[in-house]
Every structure is written in structure tokens, then in C-alpha cells.
Amino acid sequence: NAGVTQTPKFRILKIGQSMTLQCTQDMNHNYMYWYRQDPGMGLKLIYYSVGAGITDKGEVPNGYNVSRSTTEDFPLRLELAAPSQTSVYFCASSFGQGNQPQHFGDGTRLSIL
Amino acid sequence: AQSVAQPEDQVNVAEGNPLTVKCTYSVSGNPYLFWYVQYPNRGLQFLLKYITGDNLVKGSYGFEAEFNKSQTSFHLKKPSALVSDSALYFCAVRDRIAGGTYKYIFGTGTRLKVLA
């Protein structure tokens, strides 16, 4: 099983550029999540989805957008990159009503210069 | 609102000694608690969870955690530390949000260093 796959692994963007971080899972999980991890800050939830066609904001959604057209895919879009968005981004998925663990991808390391 | 706290940024322990990584929580209702480990340049990996039942939960790689309701704690333990246990450890709690859906709130992480 591939689990949760994130691409790219690394990326450097210029201020104002846009990009899409890809996330796909092959476990048929209904829940999917995007987090950002900053040093000493733990994980902050950006957006989440409870199923195809359903998304909602997390704690830090500003500057990001998501879509969920299929169960497998949950891309994260940065429209106008800013230095404050330099971070490590993790996608995760889980199954069921919150008593199941999340499965994480290996992250995308993004630098905005 | 639900929250978790990991009071130690770093824990150092000698190889072969027991280790404890601390987590305290604040929830309304019954807590659903999780521990994850993160190795360098990798995503978080699930270690164990407490949902209900026995207060001592056993998980992967020889780790266990003790749920203590009166102290609102969920400390991660291992009887004998290995150098390969050196990593970043996160405690998390489930948070119910509108519409019956759930998200997870993570602590800030504790870096464990096991010294040879």
C-alpha cells in the first residue's frame, strides 16, 4: 500500500507565485486534512474534508484553497505565495468518526523567497 | 475548547533507561487521545491511542501510554530506550466540531534524545 502520497517533496517559490500541492490516498478514507508544521508550533490545521465534494476551513485557512472532487485526491492551492507560507505541509487521511488514527504523507517542504 | 499540552520541549535519556514523554489534556466529555512519532523528513506515524477501557495502552515499537483521568494526563512510556527511539513525539486529542465531524488538536511536540 502506498498510503498517503504527497508531491512535490520540495519546492521554492517566489513571492506572488501560485502552486498546487498534491495529495492522494489509496485507503478509501473519507476524511482528509491539510496541516502546516512550523518549528516549535506543532501542526496547525489548514483545511479538512469529510468526503468528496465537502470541504471546510481549519485554524489557518487564509491564503489557501482546497477541492475534493474524488475520495482519493485532496489538492491544496496557494494563490499568491507569501513568505509567511514558508513551512512544511502535511496531508493526512483517516477513516470513521474520529476514533481512528490519521495516516500522514511525508510532507512538502515549501520555501517562499 | 479541547487542548493538549506537552510541557517539555526536549527529553534526554540514556539508552537502556526507561523514558517518559508527558502530555496533559483538557477536554469536555470523554477524551480520545493519540500519540504519534515523527522521524526526520518524514510524516507523523501513529503509535497508540486511548478511546476507552484499560488505562494502560500498548502500542507500536514497545511504547505504552498511561491514561490518568484524575490528572488529565496521557504520558508516553517505554521501559528501555533505544537510540533509534530518538525522534519528535506528538500528543493529540480528538475535537468534535459542527455537524458531527471531527478534527485533531496536536501538542507542540517533544524531542526525545536517547544517548548511547
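The values are calculated or read from the model by the stated rules, or taken from the named source; none is laboratory data. Since the model is a prediction, treat every value here as computed from it, not as a measurement. Positions of Cβ are backbone-derived with ideal geometry, glycine not excepted, and every protein chain shown enters the neighbour counts. Only protein heavy atoms, including side chains, enter the accessible area calculation; ligands, DNA and RNA are left aside. Shrake-Rupley method; radii C 1.70, N 1.55, O 1.52, S 1.80 Å.
Please find, among B:Lys77, B:Lys49, the residue that is away from every other protein chain (no Cβ under 14 Å) and open to solvent by 40 Å² or more (accessible area, probe 1.4 Å).
B:Lys77
For B:Phe74, all conditions in the list (1) in a loop (DSSP other than H, G, I, E, B); (2) touching a strand residue (DSSP E or B) at 6+ places or on another chain (Cβ under 8 Å) hold save one; what is the number of the exception?
(1)
Return the residues of the stretch A:29-44 that are buried (at least 21 other Cβ atoms within 10 Å of the Cβ) and either within 11 Å of chain B (Cβ to nearest Cβ) or in contact with a Cys (Cβ under 8 Å, 6 or more places away or on another chain) (or both); say none if nothing qualifies.
Listed by number, the residues that qualify are A:Tyr31, A:Met32, A:Tyr33, A:Trp34, A:Tyr35, A:Gln37, A:Leu43.
I'd like the full set of residues that are surrounded by fewer than 14 Cβ atoms within 10 Å (Cβ to Cβ), away from chain B (no Cβ under 14 Å) and in a strand (DSSP E or B), limited to the stretch A:1-19.
A:Ile12, the sole residue that qualifies.
Go through (1) closer than 23 Å to B:Ile97 by Cα; (2) surrounded by fewer than 21 Cβ atoms within 10 Å (Cβ to Cβ); (3) facing another protein chain (nearest Cβ under 8 Å); (4) of a type outside the set (A, V, I, L, M) for A:Asp106 and report which single condition fails.
Among (1) closer than 23 Å to B:Ile97 by Cα; (2) surrounded by fewer than 21 Cβ atoms within 10 Å (Cβ to Cβ); (3) facing another protein chain (nearest Cβ under 8 Å); (4) of a type outside the set (A, V, I, L, M), A:Asp106 violates only (1).
How do the pairs read when you match residues in the stretch A:1-30 that are farther than 21 Å from A:Leu78 by Cα with residues anywhere that are open to solvent by 70 Å² or more (accessible area, probe 1.4 Å) and assigned to a strand (DSSP E or B), using Cβ under 6 Å and keeping only pairs 6 or more apart or on different chains?
Pairs found: A:Gly3/A:His103.
Residues being over 11 Å from the mean Cα position of the chain (by Cα), within 8 Å of chain A (Cβ to nearest Cβ) and either closer than 25 Å to B:Ile97 by Cα or at pLDDT 95 or above (or both): count how many of those fall in the stretch B:21-45.
Narrowing the stretch B:21-45 to residues over 11 Å from the mean Cα position of the chain (by Cα): B:26-32, B:38-45.
From the residues that got through so far, the ones that are within 8 Å of chain A (Cβ to nearest Cβ) too are B:32, B:41-45.
Then keep just the ones that are either closer than 25 Å to B:Ile97 by Cα or at pLDDT 95 or above (or both); that gives B:32, B:43-45.
The qualifying residues number 4.
Tell me which residues, restricted to the stretch A:50-96, are touching a Cys at 6+ places or on another chain (Cβ under 8 Å) and not charged (D, E, K, R).
Step one: filter the stretch A:50-96 for residues touching a Cys at 6+ places or on another chain (Cβ under 8 Å), giving A:73-76, A:91.
Residues satisfying the conditions are A:Phe74, A:Pro75, A:Leu76, A:Cys91.
Taking strands (runs of 3 or more DSSP E) that do not extend beyond the stretch A:39-91, which have at least 2 residues that are free of Cβ contacts under 8 Å to residues at least 24 places away in the same chain?
A:43-51, A:54-57
Whether any residue in the stretch B:98-116 is open to solvent by 40 Å² or more (accessible area, probe 1.4 Å), touching a residue at least 60 places away in the same chain (Cβ under 8 Å) and in contact with a helix residue (DSSP H, G or I) (Cβ under 7 Å, 6 or more places away or on another chain) is what I want to check.
The answer is yes, given that some residue of the stretch B:98-116 is open to solvent by 40 Å² or more (accessible area, probe 1.4 Å), touching a residue at least 60 places away in the same chain (Cβ under 8 Å) and in contact with a helix residue (DSSP H, G or I) (Cβ under 7 Å, 6 or more places away or on another chain).
Being more than 10 Å from every other protein chain (Cβ to nearest Cβ), within 21 Å of A:Gln102 (Cα to Cα) and surrounded by 14 or more Cβ atoms within 10 Å (Cβ to Cβ): is that true of B:Ala87 here?
Yes.
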